[in-house]
Amino acid sequence: MNATPHPGTGFRAWYKRRSRIGRLSFVLTCIILSMLVLGRLSHVAEVIIAIPVIILCVVILSPLLIILLYRWITRRLLWKVRNRLIITYALMSLAPVVLCLTLFAIASYIFGGQYATNTELTLLDRSSSEVADETASVVPISFPGKGRNPEIQYRPSSGNNLPISFALVKAGAFQPLTAPIPGASANPFVGQPVPTWLYSGFRGLVLFNGQLYLVAYTNLTEAGHTLTVFGDEPFNTDALGNIAQDLGHVILSPGFSLAVNDKGDDISKDTAQDEQERNFSRLDAGTLPPRAHLIDPPVVFSAPTSVLSWQTGKDLHGIVTVFSRPSVLYTRLFASTNGLGTIVRIILVCLAIFFAMLELFALLMAAGLSRTITRSVSELYLGTREIDRGNFAHRIVIKRKDQLGALANSFNRMTTSIVDLMVQQREKERLLSELSIAREVQANLFPHSPVSLPGFEIHAVCQPARTVSGDYFDFIFGRHGNDLFVALGDISGKGISAALLMASLHSAVRAFGLSSSNGTASAEPSHSPAFLLELLNRHIYASTPVEKYATLFLAYYDTASRKLTYSNGGHLAPMVLCGDGTVKHLDCGGPPVGLLNGVSYQQDTIQLTSGDLLLAFSDGLTEPEQNDEQFGEERLFDYVLKHRSEP
């Protein structure tokens, strides 16, 4: 005997369980792997299939895999409500923190970079101020006369031996000194005409013949004579390094060419000389300080500085770039506060730790609250699974006195109600089954209709308003078939009690009806309906509660003489529709049977002729309502008159 695989296992079943995107991704992966294997077999095939493989992977397969990954995460990781709530709390709590930290980092970086470049520009301005101070330290000794340069004496003001040189201005040009100053270098500007843009008191950075210089131009007055002195210092890598000091790595580079100046004038048509002057050699000095601690990233920032062209006086827009670290900038910022910087740093670190602990505490509290919620949801889910499996005895253990505990209590009450409803349902099904049997039994108590005897036909029907009925009718035939005893009744009340009393009345009518009118046993029905009603009244009154009674119409019909003898015990009066159009109401009798004790009943006899119609009915035919209006006996009478000629 060969074993067959389970229909839910195997590759085919696994493949069918995948979604469309999953199946398409699997097929594409197989195609790509096959193409890669073919590419390994031949170099030419590898070159040919390289582009299709890249397109399939990047354009088609990657988005599909991203979709599948998203679905897997949402189905597996985010399926539980607890995980969803924790992620929600994390996003709600961490998003502002990340945003604040990001803004703080950006602001700190910008402020740090701005502080670094401002510090470098301040040091550069201080250097130019030193050159101006040294130039102002030149003192004239004598003025020989016209045509000769005055003698001057240099008295350094700073105490530093700067590589500075001097020149005098005479006849619109720079002239050498009469006697060179000891320690001063040769002035490269000697012989150059004084540019038109240069003014007294100027100090700054200029570009002359591809070399940067810190220059100062000032007028000195001594003994009624005015002397114009020009001082300059080469600005090279060593000078930039002295300025940078412990700040970090500093670069001075040419700026960018602008299309318009500050006044909006077009300056795009610069001369070749201007372009050449603008591209001076970059100066690079200093080194980036080492990292002081873990959170000490490099800070790189740039700022424009003024570098003037010697020939034109135009600003060449130099750029100063500083590479430093927050620790260096922080130390320089609080260098003169006598330890205040350390105190501020400690306070900031403590605040950061405090807020981090507060954030962690809030996150843990949110996770704990979410666990209380999701635990209740999980217990409810497990409870529904148990109920689905039919374990109605399952109950949730209630540990909280909040809304979630009330929800669990409601679930327990619901399961208890379900158990009670199931018990009631089973009891109801049992009762319905018994009522169905009772209905069949009651239906068998009614005689079959229609009945045809010589000279007349009798039709009878009973439609219970409920499962069983309290209405009653019966036919009792004589031994020779020449006479008939008819009974029609209505028991007070509805349902089972009325049906049981109807069965009792049925048996009593049968028992008393087959006895003689004088009390002797006989096989023929009684010819005295009134006497039979008296017997039934005593019997029902004695065997039933006071509130139970029945209306009953009894009639004896003799087929030979066509005479109908009847007695009506409180029932709706039957009607005889005669062939000549007259109507007779059969209301002779007495009160309902079983209501009063010791009551006597009257009876009457009528002669029936050919074409007469006897109509006997219960209130279930005349009392139904529609729009607060009963059907009524008049409408019934009109209906019978209209259709009496029909079968």
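In this model, which of 494/563; 548/584; 584/642 are farther than 25 Å apart at the alpha-carbon?
Details: 494/563 35 Å; 548/584 30 Å; 584/642 18 Å.
Exceeds cut-off: 494/563; 548/584.
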TODO: Would you mind checking the stretch 446-469 for residues with the amide N under 15 Å from a putative spin-label position 7 Å along Cα→C-beta of residue 439?
DONE: 462-469
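Mind checking the per residue accessible area of the chain for me, 1.4 Å probe, whole number of Å²?
Details: 39320 Å² over 647 residues.
Computed with neighbouring chains in place, this is 61 Å² per residue.
Taking the Cβ of residue 287 as the center, what net charge do the other residues with Cβ under 12 Å away carry, scoring Lys and Arg +1 and Asp and Glu -1? Before the final figure, lay out each step's value.
On the way: positive: 325; negative: 246, 284.
Residues near residue 287 contribute -1 overall.
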- [ ] Can you check what the Kirkwood hydrodynamic radius comes to for the chain, Cα pairs only, in Å to one decimal?
- [x] 40.1 Å
Open item on the list: Please compute the modelled spin-label separation between residue 613 and residue 42, points set 7 Å along Cα→Cβ, answer in nm with one decimal.
Closed with: 10.3 nm
- [ ] Taking amide H positions as placed in the peptide plane 1.01 Å from N, state which residues far from residue 305 in sequence (5 or more) or on other chains have amide H under 5 Å from it.
- [x] 318, 319, 320
Task: the chain, relative contact order in percent, only Cα pairs under 8 angstrom and at least six apart counted - done: 7 percent
Task: residue 403-residue 23 pseudo-label distance in nm [points 7 Å out on the Cα-to-Cβ vector] - done: 4.5 nm
Task: Inter-label distance for residue 587 and residue 643, nm, one decimal - labels placed 7 Å from Cα along Cα-to-Cβ - done: 2.6 nm
Open item on the list: What are the membrane-span-like helices in the chain by this rule: whole DSSP H runs, Cα extent along the axis at least 20 Å, mean Kyte-Doolittle hydropathy at least 1.0?
Closed with: 20-41, 340-388, 495-513
Open item on the list: How much length would be gained if the chain were fully extended between residue 88 and residue 625, taking 0.36 nm per residue of separation minus their Cα-Cα distance, in nm to one decimal?
Closed with: 187.0 nm
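Based on the Cβ-Cβ distance from residue 367 to residue 245, what FRET efficiency comes out when R0 is 45 Å, to the nearest 0.05? The partial results should precede the final answer.
Working: r = 52 Å, r/R0 = 1.15.
FRET efficiency, residue 367 to residue 245: 0.30.
Which value in deg cm²/dmol, rounded to the nearest 500, describes the helix-derived mean residue ellipticity at 222 nm for the chain, given -39,500 (n - 2.57) per DSSP H run of n ≥ 4 and division by the residue count? Numbers along the way, then the final one.
Working: 14 runs with 274 residues, N = 647.
Helix-only estimate at 222 nm: -14500 deg cm²/dmol.
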TODO: Please give the contour-minus-distance gain from residue 317 to residue 253: 0.36 nm per residue of separation, less the Cα-Cα distance, rounded to one decimal in nm.
DONE: 22.1 nm
TODO: Using a 1.4 Å probe and ignoring any ligands, DNA or RNA, find the accessible area of residue 55 and quote it in Å² to the nearest 10.
DONE: 90 Å²
- [ ] Return the carbon/sulfur percentage of the accessible area of the chain, one whole number, probe 1.4 Å, all protein chains in place.
- [x] 60 percent
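Given Cβ point charges of +1 (Lys, Arg) and -1 (Asp, Glu) and nothing else, what value in debye, to the nearest 20, does the dipole of the stretch 354-456 about its Cα centre take? Walk me through the numbers before you get to the answer.
Values: 13 positive and 10 negative charges, 69 e Å.
Charge dipole of the stretch 354-456: 340 debye, to the nearest 20.
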Open item on the list: Could you report the accessible area of residue 410 in Å², rounded to 10, computed with a 1.4 Å probe on the protein chains as they sit in the structure?
Closed with: 50 Å²
TODO: Please work out how much accessible surface residue 14 shows to a 1.4 Å probe, ignoring ligands, DNA and RNA, in Å² rounded to 10.
DONE: 90 Å²
- [ ] Work out how much length residue 340 to residue 108 would gain on full extension: take 0.36 nm times their residue separation and subtract the Cα-Cα distance, in nm to one decimal.
- [x] 81.6 nm
- [ ] Take residue 125, project a point 7 Å from its Cα along the Cβ direction, then tell me which residues of the stretch 201-222 have their backbone nitrogen under 19 Å from it.
- [x] 201-206, 214-217
- [ ] For every other residue with a beta carbon closer than 13 angstrom to the beta carbon of residue 396, add +1 if it is Lys or Arg and -1 if Asp or Glu, then tell me the sum.
- [x] +4
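The values are calculated or read from the model by the stated rules, or taken from the named source; none is laboratory data. Owing to the predicted nature of the structure, the values given are computational and were not obtained by experimental measurement. Heads up, the Cβs are rebuilt from the backbone with ideal geometry, glycines too, and the neighbour counts pull from every protein chain shown. Surface areas here come from the heavy atoms of the whole protein model, side chains and all, with no ligands, DNA or RNA. Shrake-Rupley method; radii C 1.70, N 1.55, O 1.52, S 1.80 Å.
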